[in-house]
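Visitor: Handing you this structure, nothing more for now.
The values are calculated or read from the model by the stated rules, or taken from the named source; none is laboratory data. Source: prediction; values computed, not measured. Using ideal geometry, Cβ is built from the backbone for each residue, glycine included, and neighbour counts are taken over all protein chains shown. To get the accessible areas, we keep the full protein, side chains included, count just its heavy atoms, and leave off ligands, DNA and RNA. Shrake-Rupley method; radii C 1.70, N 1.55, O 1.52, S 1.80 Å.
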Amino acid sequence: MADETIEALLLEQRKFPPSEAFKSRAHVVGTHLYDEAAQDYEAFWARQADELVSWSRPWGTVCEWNLPFSKWFVGGQLNVAYNCLDRHVEAGRGGKVAIHWEGEPGDTRTITYAELLAEVERFSNALKDLGVGRGDRVNIYLPMIPEAVVAMLSCARIGAAHSVVFGGFSSQALADRINDASAKVLITADGGWRRGEVFPLKPQADEALASTPSIEHVVVVKRGGNTVDMKSGRDHWYHDLMANASAKCPAEPMDSEQLLFLLYTSGTTGKPKGIMHTTGGYLTHVTYTHKYVFDLHADTDVYWCTADVGWVTGHSYIVYGPLSNGATQVIYEGVPNHPGNDRLWSIVEKYKVTIFYTAPTAIRTFMKWGTQEPAKHDLSSLRVIGSVGEPINPEAWMWYHEHIGRGNCPIVDTWWQTETGGIMISPLPGATTTKPGSATFPLPGVGAEVVDENGKVVTKGGGYLTLTHPWPGMLRGIWGDPERYKETYWSRFPGRYFAGDGAKLDDDGYLWLLGRVDDVMNVSGHRISTTEVESALVSHPSVAEAAVVGANDATTGQAIIAYVTLRGGAQVNESDLRNHVAKEIGAIAKPKTIYFTPDLPKTRSGKIMRRLLRDVAEGRNLGDTTTLADASVVTELQQRAAQSSED
Ligand code: PRX
């Protein structure tokens, strides 16, 4: 049924031009930005940096490009926290609401720009009192509470780089990231609210802290109210530090290329990569994209991005982009179905949200819950709605358009990555005619091309998505591993950044993203590497060997399917193994299904045949199996897979 709908839509080639009403007040209509950027992309970005960002010292060179290393706005100085806070207060907008925060239990906080600035100044001093300074790394492991924003901006204010770890990651994952970055301070909370209950964070952090020698101090925000152990001399309550810290902390100028943050993401090998983002270029990129992609009018819009600050979307489009633009936004702590399946829509109605940004996996979940949920609420305030994290299927796009956008909100399907820092491919809502399921075109200033496997440019049809020239928000490298940076992104197609995604160009030149072409799964919009989950499985004493594949899944995009061979005589049940993976990485990496098998299908040279396992997991007919060392292994796995889908 779903496939038929998609096909019908593709055949139909439905197109959605922006309405005249929308265009009449949009920042961009027509092609002038595209034309300007096509003339000279460096000059284009320089104009954005000049107009949208405040600098305490102007830059000399726009871009220094020594492939694959770029520097932007070289010689310039600025402070990101100043751009996100002080300049709005100085301009007389201190009383404007920065954050409408909604806790899951229903408690709320309204925080103006002046209040947020005061909190950040104080916490910056608290961090300094703990010995944090320019160039240090600070880990952040917090729920979706305003203190997460405060912590990030305070680091930026004093020149320390933050490394935020998603609160759903396990203590092991937290420890690995702290150690890779040699972080000095960890900022966490007692716990946070999720699905009507408090989930503990400090106890998880304590487990990690047993093996993180670089951490000198731990700051704990009180949120969950759960009992926690505080180690004297090392652990401090946030509210105590704040009570003792002084109120004024002027923003110091930072070099444009000062490290702003590390954010760890999965690659094709087991070890997560610390993606490095710096100051001036990153801020320019996210400020520009947040303003134009969402057509933000800071005076009147109420913006809401449902991501978690632990992911790049939270960094760029909850913290830095919106605050740099002086937007008013909603931040929500909890899950979308507490206390009811209409929680998000009740929040849209309550705060009169005008711009809403979420993920396809969430949209598919809303579809399952039914149209009556959004229909209970007045969503007429919405005017732009966005999608990020994975390809959005045309069917989900249409549902989003009809039931959330009520037929009159442009949809911006935004393609980008942790590595790109900000949005790269997306419609501009007042300028682009959209097609359901297509991310449309590269933004002005961005160069993207599809190439075939020999690197030849494809102008129609499928291939590999590459980026053709540097952009301000691009990653500056992988923390501690410049070789891996070159190898991962710049070696496959010489001179081009290879994103790891497949894409297709249609007759009209629209881009359609086709998902990952490497061993990275996309589960609910989150990147998880097959190797990482395999390593977690193999670290269990009963497991001899494991192979993990991503199989198509109607709700989560892909689901993690594991094939496991146990050590001789060992026994373990599926749920214990799933929990083991959760302990090693986090609940998001739990395999949906584990098949136990006496053997894995391998080539004669001993390579595991993942393609075959994917076919088995998705119930497809198998193609050529002649390269298999032992074909009977697959037959048995197929029988088991068929059986479990009947169960
Ligand atoms: O495969 C693409 C998919 O998500 C990957 C990047 O994941 P991450 O670094 O976790 O960042 C997610 C949020 C930016 C990409 O390589 N992806 C992201 N957005 C889209 C997408 N795939 C298709 N369409 C999108 N709009």
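Visitor: Show 109, 223, 578 ordered by accessible area, largest first, where the area counts protein heavy atoms only and the probe is 1.4 Å.
Guide: Of 109, 223, 578, the descending order of accessible area is 109, 578, 223.
Visitor: Considering only C-alpha atoms, what is the centroid distance from the range 147-206 to the range 576-591, in Å?
Guide: 19
Visitor: Share of the range 100-246's accessible area from carbon and sulfur, percent, 1.4 Å?
Guide: Summing carbon and sulfur atoms, their accessible area is 46 percent of the total for the range 100-246.
Visitor: Taking 8 Å as the Cα distance limit and 6 or more residues as the minimum spacing, I'd like the relative contact order of the range 231-357 as a percentage.
Guide: Taking the mean separation of contacting Cα pairs over the length of the range 231-357, I get 20 percent.
Visitor: Put 110, 279 in order of accessible area, largest first, 1.4 Å probe: what do you get?
Guide: From most exposed to least exposed: 110, 279.
Visitor: For the range 100-169, just say rounded, prolate or oblate: build the C-alpha gyration tensor, square-root its eigenvalues into a ≥ b ≥ c, call rounded for a/c under 1.5, and beyond that prolate if a/b exceeds b/c, oblate if not.
Guide: oblate
Visitor: Given R₀ = 41 Å, FRET efficiency for residue 406-residue 50 by Cβ-Cβ distance, to 0.05?
Guide: Approximately 0.60, to the nearest 0.05.
Visitor: Would you mind working out the magnitude of the charge dipole of the chain relative to its Cα centre, with +1 at each Lys and Arg C-beta and -1 at each Asp and Glu C-beta, to the nearest 20 Debye?
Guide: Here the chain has a charge dipole of around 580 debye.
Visitor: What is the list of residues in the range 301-335 whose amide nitrogen lies under 17 Å from a point 7 angstrom out from the Cα of residue 352, following Cα to Cβ?
Guide: The answer is 301-304, 327-330.
Visitor: Now for a separate question. Considering only the chain, what is the antiparallel percent among its DSSP beta bridges, to the nearest 5?
Guide: Taking every DSSP beta bridge with both residues in the chain, the antiparallel ones total about 60 percent.
Visitor: Which of the three applies to the range 541-622, rounded, prolate or oblate, going by the alpha-carbon gyration tensor with a ≥ b ≥ c and a/c under 1.5 meaning rounded?
Guide: In terms of gyration-tensor shape, oblate.
Visitor: Of the options 509, 485, 529, report the single residue whose Cα projects farthest towards the positive end of the charge dipole of the range 481-557 (beta-carbon charges: Lys, Arg +1; Asp, Glu -1).
Guide: My answer, from the dipole projection, is 485.
Visitor: A 30 angstrom limit on the alpha carbon distance is what I want to check against. Which of 291/350; 71/96; 128/231; 291/504 exceed it?
Guide: 71/96
Visitor: Please work out the C-alpha center-to-center distance from the range 217-276 to the range 592-613 and express it in whole Å.
Guide: With the range 217-276 and the range 592-613 each reduced to a Cα centre, they are spaced 41 Å.
Visitor: For the chain, what is the calculated [θ] at 222 nm in deg cm²/dmol (nearest 500), taking -39500 (n - 2.57) for each run of four or more DSSP H residues and dividing by its residue count?
Guide: -8500 deg cm²/dmol
Visitor: Any idea what the alpha-carbon Rg over 2.2 N^0.38 Å comes to for the chain?
Guide: In units of the 2.2 N^0.38 Å rule of thumb, it is 0.94.
Visitor: What FRET efficiency, computed as 1/(1 + (r/R0)^6) with R0 = 41 Å and r the Cβ-Cβ distance, is obtained for residue 491 and residue 378, rounded to the nearest 0.05?
Guide: Calculated transfer efficiency: 0.20.
Visitor: Right, here's the next one. DSSP loop GluC sites (Glu not before Pro) in the range 405-458 with at most 11 other Cβ atoms within 10 Å of their Cβ, which ones?
Guide: 453
Visitor: So if I take the centroid of the Cα atoms in the range 428-480 and the same for the range 300-352, what is the distance between those two points in Å?
Guide: Rounded to whole Å, the Cα centres lie 27 Å apart.
Visitor: Cα atoms only, the range 54-117: Rg and Dmax in Å?
Guide: In Å, with Rg to one decimal and Dmax whole: 17.7, 51.
Visitor: When all protein chains stay in place, what accessible area (Å², nearest 10, 1.4 Å probe) is found for residue 507?
Guide: Accessible area of residue 507: about 120 Å².
Visitor: Just grab the label-to-label distance for residue 199 and residue 129, each label 7 Å out from Cα along the Cβ direction, in nm (one decimal).
Guide: 3.1
Visitor: Under a Cβ-only charge scheme (Lys and Arg +1, Asp and Glu -1), can you give me the dipole magnitude of the range 110-265 about the Cα centre, in debye to the nearest 20?
Guide: 140
Visitor: Return the aspartates and glutamates within reach of residue 222: Cα separation strictly under 13 angstrom, same-chain partners fewer than 8 residues apart disregarded; answer none if there are no such residues.
Guide: 147, 190, 235, 240
Visitor: Using a Förster distance of 25 Å, how high is the FRET efficiency between residue 108 and residue 298, based on the Cβ-Cβ distance and rounded to 0.05?
Guide: Using R0 = 25 Å, I get an efficiency of 0.70.
Visitor: To continue, here is another question. Using a 1.4 Å probe, how large is the accessible area of residue 34, given in Å² and rounded to the nearest 10?
Guide: The accessible area of residue 34 comes to roughly 50 Å².
Visitor: Oh, and also: So, counting K/R as plus one and D/E as minus one, what does the shell of residues with Cβ under 12 Å around residue 419 add up to?
Guide: +2
Visitor: Next question, about the same structure. Kindly write out, for the range 126-137 in residue order, the coupling ³J(HN,Hα) from the Karplus curve 6.51 cos²θ - 1.76 cosθ + 1.60 (θ = phi - 60°), rounded to whole Hz, with x marking Gly and Pro.
Guide: In residue order, the calculated couplings are 4, 5, 4, 4, 8, x, 7, x, 3, x, 6, 10 Hz.
Visitor: Calculate the spin-label point distance for residue 252 paired with residue 458, positioning each point 7 Å from the Cα along the beta-carbon direction, and give it in nanometres.
Guide: Each label point is offset 7 Å from its Cα along the Cβ direction, giving 5.0 nm.
Visitor: At 1.4 Å probe size, with no ligands or nucleic acids counted, give the accessible surface of residue 80 in Å², nearest ten.
Guide: In the full protein context, residue 80 sits at about 0 Å².
Visitor: Additional query: Which whole-number percent gives the relative contact order of the range 557-642, counting Cα pairs below 8 Å spaced six or more residues apart?
Guide: Answer for the range 557-642 is 29 percent.
Visitor: Return the aspartates and glutamates within reach of residue 607: Cα separation strictly under 16 angstrom, same-chain partners fewer than 8 residues apart disregarded; answer none if there are no such residues.
Guide: Straight-line reach from residue 607, under 16 Å: 518, 519, 534, 545, 599, 624, 630.
Visitor: Right, here's the next one. Just reorder 456, 590, 273 by solvent-accessible area, largest first, 1.4 Å probe, all chains present.
Guide: Descending accessible area places them as 456, 590, 273.
Visitor: I've got another one for you. Could you please state how large a percent of the accessible area of the range 342-406 is carbon and sulfur, counting protein chains only and using a 1.4 Å probe?
Guide: Here carbon and sulfur together make up 53 percent of the probe-accessible area.
Visitor: Run through the DSSP bridge list for the range 290-430 and note the antiparallel percent, rounded to the nearest 5.
Guide: Around 5 percent antiparallel, to the nearest 5.
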